[in-house]
Amino acid sequence: MPPLARILLHSSASAIMIYGYKSLQSLPVNDFIEQQYGGHLQYLTIQGLFIACAAMTFSLLKDLFPSATVLGPLKRILLIVSYASLDCHFDGEPSSSSDSPQFIRIPLRTDISLHAVPAITLLADFLLFERKYTKNEVLYGAPAVSLGYSALYAWWVEHCATFNNGRFPYPFLTDNPPEIRLAIYVGAGTLALSSFWLINRLHA
(Lines give C-alpha, C1' and ligand atoms only; values in the text may rest on other atoms or scores of the structure.)
Protein backbone atom coordinates (compact mmCIF):
# COMPACT_ATOMS: atom_id res chain seq x y z
CA MET A 1 0.00 0.00 0.00
CA PRO A 2 1.48 3.41 -0.97
CA PRO A 3 2.65 5.58 1.96
CA LEU A 4 0.22 8.30 0.89
CA ALA A 5 -2.72 5.96 1.53
CA ARG A 6 -1.46 5.28 5.05
CA ILE A 7 -1.00 8.97 5.77
CA LEU A 8 -4.47 9.76 4.42
CA LEU A 9 -6.14 7.07 6.53
CA HIS A 10 -4.33 7.95 9.74
CA SER A 11 -4.64 11.73 9.43
CA SER A 12 -8.29 11.75 8.35
CA ALA A 13 -9.28 9.24 11.05
CA SER A 14 -7.62 11.35 13.74
CA ALA A 15 -9.27 14.53 12.47
CA ILE A 16 -12.75 12.96 12.36
CA MET A 17 -12.42 11.53 15.88
CA ILE A 18 -11.27 14.89 17.25
CA TYR A 19 -14.24 16.52 15.52
CA GLY A 20 -16.58 13.99 17.11
CA TYR A 21 -15.34 14.72 20.61
CA LYS A 22 -15.36 18.49 20.08
CA SER A 23 -18.92 18.37 18.78
CA LEU A 24 -20.11 16.94 22.11
CA GLN A 25 -19.57 20.35 23.68
CA SER A 26 -22.53 21.78 21.76
CA LEU A 27 -25.02 19.13 22.93
CA PRO A 28 -27.59 19.59 25.73
CA VAL A 29 -26.25 16.55 27.60
CA ASN A 30 -22.70 17.93 27.71
CA ASP A 31 -23.20 20.21 30.73
CA PHE A 32 -24.82 17.40 32.70
CA ILE A 33 -21.95 15.01 31.96
CA GLU A 34 -19.21 17.55 32.67
CA GLN A 35 -20.74 18.40 36.06
CA GLN A 36 -20.29 14.79 37.16
CA TYR A 37 -17.08 13.51 38.69
CA GLY A 38 -15.12 11.89 35.87
CA GLY A 39 -17.05 13.70 33.16
CA HIS A 40 -16.93 12.14 29.70
CA LEU A 41 -14.13 9.79 30.75
CA GLN A 42 -16.66 7.65 32.61
CA TYR A 43 -17.84 6.35 29.23
CA LEU A 44 -16.08 3.52 27.41
CA THR A 45 -16.89 5.21 24.11
CA ILE A 46 -14.88 8.30 25.02
CA GLN A 47 -11.99 6.31 26.44
CA GLY A 48 -12.00 4.19 23.29
CA LEU A 49 -12.09 7.33 21.17
CA PHE A 50 -9.01 8.74 22.91
CA ILE A 51 -7.14 5.44 22.60
CA ALA A 52 -8.09 5.05 18.94
CA CYS A 53 -7.06 8.63 18.20
CA ALA A 54 -3.73 8.03 19.96
CA ALA A 55 -3.19 4.87 17.89
CA MET A 56 -3.90 6.78 14.67
CA THR A 57 -1.58 9.59 15.77
CA PHE A 58 1.24 7.15 16.53
CA SER A 59 0.58 5.56 13.13
CA LEU A 60 0.82 8.93 11.42
CA LEU A 61 4.08 9.72 13.20
CA LYS A 62 5.37 6.31 12.16
CA ASP A 63 4.43 7.12 8.55
CA LEU A 64 6.28 10.42 8.70
CA PHE A 65 9.26 9.18 10.73
CA PRO A 66 9.74 5.49 9.84
CA SER A 67 13.10 5.38 11.62
CA ALA A 68 11.41 5.98 15.00
CA THR A 69 11.08 2.29 15.82
CA VAL A 70 9.67 2.88 19.32
CA LEU A 71 6.35 4.00 17.78
CA GLY A 72 5.51 0.53 16.42
CA PRO A 73 5.32 -1.37 19.74
CA LEU A 74 3.42 1.49 21.39
CA LYS A 75 0.86 1.46 18.61
CA ARG A 76 0.38 -2.32 18.83
CA ILE A 77 -0.31 -2.08 22.56
CA LEU A 78 -2.87 0.67 21.91
CA LEU A 79 -4.55 -1.53 19.31
CA ILE A 80 -5.07 -4.28 21.89
CA VAL A 81 -6.41 -1.81 24.47
CA SER A 82 -8.74 -0.32 21.88
CA TYR A 83 -10.62 -3.61 21.52
CA ALA A 84 -11.33 -3.57 25.25
CA SER A 85 -12.77 -0.07 25.06
CA LEU A 86 -14.50 -0.02 21.66
CA ASP A 87 -16.05 -3.49 21.65
CA CYS A 88 -18.96 -2.60 23.91
CA HIS A 89 -21.61 0.08 23.41
CA PHE A 90 -24.11 0.26 26.24
CA ASP A 91 -27.52 1.82 26.76
CA GLY A 92 -27.22 5.21 28.40
CA GLU A 93 -24.46 6.46 26.12
CA PRO A 94 -25.19 9.41 23.83
CA SER A 95 -26.48 8.01 20.53
CA SER A 96 -28.26 9.12 17.36
CA SER A 97 -30.75 6.25 17.71
CA SER A 98 -34.42 7.29 17.79
CA ASP A 99 -34.79 4.90 20.74
CA SER A 100 -32.47 7.08 22.84
CA PRO A 101 -34.00 9.70 25.16
CA GLN A 102 -34.09 13.15 23.53
CA PHE A 103 -31.73 14.50 26.20
CA ILE A 104 -28.85 12.23 25.15
CA ARG A 105 -29.63 12.00 21.43
CA ILE A 106 -26.82 13.27 19.20
CA PRO A 107 -26.53 14.10 15.47
CA LEU A 108 -25.78 11.16 13.19
CA ARG A 109 -22.47 12.68 12.02
CA THR A 110 -21.30 12.92 15.64
CA ASP A 111 -22.46 9.36 16.36
CA ILE A 112 -20.51 8.08 13.35
CA SER A 113 -17.41 10.04 14.43
CA LEU A 114 -17.56 8.61 17.95
CA HIS A 115 -18.52 5.01 17.26
CA ALA A 116 -18.15 3.90 13.63
CA VAL A 117 -14.99 5.73 12.57
CA PRO A 118 -12.74 4.48 15.42
CA ALA A 119 -13.83 0.85 14.94
CA ILE A 120 -13.66 0.85 11.13
CA THR A 121 -10.36 2.71 10.81
CA LEU A 122 -8.62 0.64 13.50
CA LEU A 123 -9.78 -2.56 11.81
CA ALA A 124 -8.68 -1.32 8.37
CA ASP A 125 -5.34 -0.17 9.73
CA PHE A 126 -4.67 -3.53 11.38
CA LEU A 127 -5.71 -5.67 8.42
CA LEU A 128 -4.02 -3.53 5.77
CA PHE A 129 -0.90 -2.15 7.43
CA GLU A 130 -0.06 -4.14 10.55
CA ARG A 131 1.38 -7.61 10.90
CA LYS A 132 -0.53 -10.34 12.68
CA TYR A 133 0.09 -10.66 16.43
CA THR A 134 2.44 -13.47 17.41
CA LYS A 135 1.40 -16.54 19.39
CA ASN A 136 2.98 -15.20 22.59
CA GLU A 137 1.31 -11.81 22.13
CA VAL A 138 -2.04 -13.52 21.64
CA LEU A 139 -1.71 -15.99 24.54
CA TYR A 140 -0.01 -13.75 27.11
CA GLY A 141 0.16 -10.12 26.07
CA ALA A 142 -3.44 -9.63 24.96
CA PRO A 143 -5.03 -11.26 28.06
CA ALA A 144 -2.76 -9.22 30.35
CA VAL A 145 -3.63 -5.96 28.61
CA SER A 146 -7.37 -6.74 28.44
CA LEU A 147 -7.50 -7.84 32.08
CA GLY A 148 -5.52 -4.81 33.18
CA TYR A 149 -7.70 -2.38 31.27
CA SER A 150 -10.95 -4.03 32.43
CA ALA A 151 -9.80 -3.90 36.06
CA LEU A 152 -8.74 -0.27 35.71
CA TYR A 153 -12.06 0.71 34.15
CA ALA A 154 -14.01 -1.15 36.84
CA TRP A 155 -12.06 0.66 39.55
CA TRP A 156 -12.53 3.99 37.78
CA VAL A 157 -16.33 3.86 37.41
CA GLU A 158 -16.75 2.51 40.95
CA HIS A 159 -14.57 5.38 42.18
CA CYS A 160 -16.55 7.96 40.17
CA ALA A 161 -19.85 6.61 41.49
CA THR A 162 -18.81 7.35 45.07
CA PHE A 163 -18.67 11.03 44.11
CA ASN A 164 -21.84 10.93 41.98
CA ASN A 165 -24.30 9.77 44.66
CA GLY A 166 -23.94 6.13 43.62
CA ARG A 167 -24.85 6.90 40.02
CA PHE A 168 -22.86 5.13 37.30
CA PRO A 169 -22.52 6.20 33.66
CA TYR A 170 -24.70 3.24 32.62
CA PRO A 171 -28.13 2.55 34.17
CA PHE A 172 -27.56 -1.22 34.35
CA LEU A 173 -24.54 -0.59 36.59
CA THR A 174 -26.50 1.79 38.82
CA ASP A 175 -29.38 -0.69 39.12
CA ASN A 176 -27.26 -3.74 40.03
CA PRO A 177 -25.42 -4.78 43.22
CA PRO A 178 -21.60 -5.07 43.35
CA GLU A 179 -21.46 -8.80 42.58
CA ILE A 180 -23.51 -8.34 39.40
CA ARG A 181 -21.41 -5.36 38.37
CA LEU A 182 -18.29 -7.50 38.84
CA ALA A 183 -19.76 -10.14 36.53
CA ILE A 184 -20.52 -7.43 33.97
CA TYR A 185 -16.94 -6.14 34.07
CA VAL A 186 -15.55 -9.66 33.67
CA GLY A 187 -17.98 -10.44 30.86
CA ALA A 188 -17.15 -7.24 28.98
CA GLY A 189 -13.42 -7.90 29.29
CA THR A 190 -13.86 -11.48 28.09
CA LEU A 191 -15.92 -10.32 25.11
CA ALA A 192 -13.27 -7.75 24.17
CA LEU A 193 -10.48 -10.33 24.39
CA SER A 194 -12.47 -12.83 22.33
CA SER A 195 -13.07 -10.16 19.68
CA PHE A 196 -9.35 -9.44 19.52
CA TRP A 197 -8.55 -13.15 19.10
CA LEU A 198 -11.14 -13.43 16.30
CA ILE A 199 -9.85 -10.37 14.43
CA ASN A 200 -6.28 -11.58 14.73
CA ARG A 201 -7.29 -14.97 13.28
CA LEU A 202 -8.90 -13.19 10.31
CA HIS A 203 -5.62 -11.42 9.54
CA ALA A 204 -3.85 -12.95 6.56
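The values are calculated or read from the model by the stated rules, or taken from the named source; none is laboratory data. Just so it is clear, the model here is predicted, and its values are computed rather than measured. When we count neighbours, we look across all protein chains shown, and the Cβ atoms used for this are built from the backbone with ideal geometry, even at glycine.
If the Cβ limit is 6 Å and pairs must be 6+ apart or interchain, which residue in segment 54-73 that is of a type in the set (D, E, K, R) pairs with which residue that is surrounded by 12 or more Cβ atoms within 10 Å (Cβ to Cβ)?
What qualifies is K62/L71; D63/R6; D63/I7.
Which of the following residues is among the aromatic types (F, W, Y) and at pLDDT below 90: Y149, Y140, Y83, Y133?
Y83
Suppose we filter L198, L128, L173, L191 for residues that are at pLDDT below 95 and closer than 21 Å to F50 by Cα; which single one remains?
L191
When residues of segment 13-31 are filtered for being in a helix (DSSP H, G or I) and either surrounded by 19 or more Cβ atoms within 10 Å (Cβ to Cβ) or in contact (Cβ under 8 Å) with a residue 12 or more places away in the chain (or both), how many remain?
12
Condition (residue is surrounded by fewer than 20 Cβ atoms within 10 Å (Cβ to Cβ), more than 30 Å from V138 (Cβ to Cβ) and basic (K, R)) applied to segment 54-77: is it met by at least one residue?
no
Would you say Y37 is in contact (Cβ under 8 Å) with a residue 12 or more places away in the chain, of a type outside the set (S, T, N, Q) and touching a Phe, Trp or Tyr at 6+ places or on another chain (Cβ under 7 Å)?
yes
What helices (runs of 4 or more DSSP H) lie completely within segment 107-177 and have 3 or more residues being on the phi < 0 side of the Ramachandran plot and crowded, with 16+ Cβ neighbours inside 10 Å?
By residue number, 117-129, 142-163.
Examine segment 11-23 for a residue that is closer than 23 Å to A124 by Cβ, of a type in the set (A, V, I, L, M, F, W, C) and at pLDDT below 95, and state whether such a residue exists.
no
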